[in-house]
Amino acid sequence: MFKEQQPDVVCFQETKIDESKVDEYKTLLGPAYPFANFNCCTVKKGYAGTATFSKEKPVSVRIDFPLNTEGRVLVTEFNSCIVVNTYVPNSGMKLERLKYRTETWDVALQQYLHALDAESAKPVVWTGDLNVAHGDNDVAFPKKKRNKVPGFNDSERENFGLLVGGLGHVTDEQKKKRTLMVGRPGPTNEELVQPPFMDVFSMLHGNGEHAVADEGSVEGVEGEEATTEAKETKSNATESSSSSSSSSSSSSSSSSSSSSSSSSSSSSSEAGSSEAVSSEAVSSEAVESETTPKRRATFWSYRFQAKAKDNGWRLDYFVISRRLRERVKQCEVFEDYHGLSDHCPLMLEFAL
């Protein structure tokens, strides 16, 4: 994929690389990506972690997010933007980390993103495995999964809506009735007239409204594959390019004319999901057919034939500062690359 799309920046999540092994992986993507930065978990061996590769040398690299002992947030600043590579904690199969995730982690990360966005004229590009399906159309069998599995709890979805907006709050009655759908939880338009950030894929593709199969026509399971932390590492890549040429990097890079980013996953222990930015147009083959609509997911469990049954989740995102909106060209899922990992690549392209 990297050879085809030539991203300028590539971001990996769940690298599972300890600090002692970093030097071995700095050349993972070859000479095209000479700049590699890692944030490793310091409290548990072979756990979590993020890495960003880039063609262009970052202006700065930060790992100053306050809850970063698991290496989940890596910030690389480029001439054109600030890339925030993130691997959001999973709430756990028994939701044992839900309280930490929603009341501590989400709150701290929102404050951090707001501060980054305010301190620079450069737009923020927040990307990675965010471990949440925001809209009802972002997961298969939503009625069966709501408030029962990690990644699809009202509190997780509402928190995400505080950043990118939503269709309305989840009421107490709705929380009790798990089968009552809520659309895209979050503040109403009246309460949050202009959300500070934008979910790019949702902005371009109507939050999956035009690419979702009828739930009743899909055979599958009730979400027993619920989003667990993938055993494989994930990688995200961001690419930016000029009008005359394109460049790619593992972190974020900038160019004069346009850039695109995508996220993909890999089966190797070194990379799980990735996001890249490229100046080249995405093939129409990446867009689902209107006659045979499919759910635009980025994650399918290896269990229960989830991929074959279209039992997927949209967990990987590109979320951008609103001031970058007019420069966005495309954001696509590369489903054909699924199989090397339980995640597939996601790409964002924007003009510089």
**Prompt:** Among the listed residues Glu24, Glu56, Glu4, which satisfies the condition of being under 20 Å from Pro345 (Cβ atoms), of a type in the set (Asp, Glu) and out of contact with any Cys (no Cβ under 6 Å at 6 or more places or on another chain)?
**Reply:** Glu4
**Item:** Of all residues in segment 1-39 being of a type in the set (Val, Ile, Thr) and open to solvent by less than 70 Å² (accessible area, probe 1.4 Å), the one that is nearest to the chain's Cα centre (by Cα)
**Value:** Val10
**Message:** Suppose we filter segment 116-156 for residues that are under 15 Å from the mean Cα position of the chain (by Cα), over 30 Å from Val61 (Cα atoms) and among the small types (Gly, Ala, Ser); how many remain?
**Reply:** 1
**Asked** If only one of Arg101, Arg178 is open to solvent by less than 10 Å² (accessible area, probe 1.4 Å) and in contact with a helix residue (DSSP H, G or I) (Cβ under 9 Å, 6 or more places away or on another chain), which one is it?
**Response** Arg101
**Prompt:** Can you pull out the residues in segment 94-103 that are among the hydrophobic types (A, V, I, L, M, F, W, C) and either free of Cβ contacts under 8 Å to residues at least 24 places away in the same chain or not in a loop (DSSP other than H, G, I, E, B) (or both)?
**Reply:** Leu98
**Message:** Take the conditions among the basic types (Lys, Arg) and closer than 24 Å to Lys145 by Cα and apply them to Arg72. Does it pass?
**Reply:** no
**Request:** Identify all residues within segment 45-93 that are outside any loop (DSSP other than H, G, I, E, B), crowded, with 24+ Cβ neighbours inside 10 Å and free of Cβ contacts under 8 Å to residues at least 60 places away in the same chain; write none if there are none.
**Result:** Val73, Val75, Val84
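The values are calculated or read from the model by the stated rules, or taken from the named source; none is laboratory data. No experiment lies behind these values; they were computed from the predicted model shown. Virtual Cβ from ideal backbone geometry, glycine too; neighbours counted across all protein chains shown. Areas reflect the complete protein model, heavy atoms only, side chains present, ligands, DNA and RNA absent. Shrake-Rupley method; radii C 1.70, N 1.55, O 1.52, S 1.80 Å.
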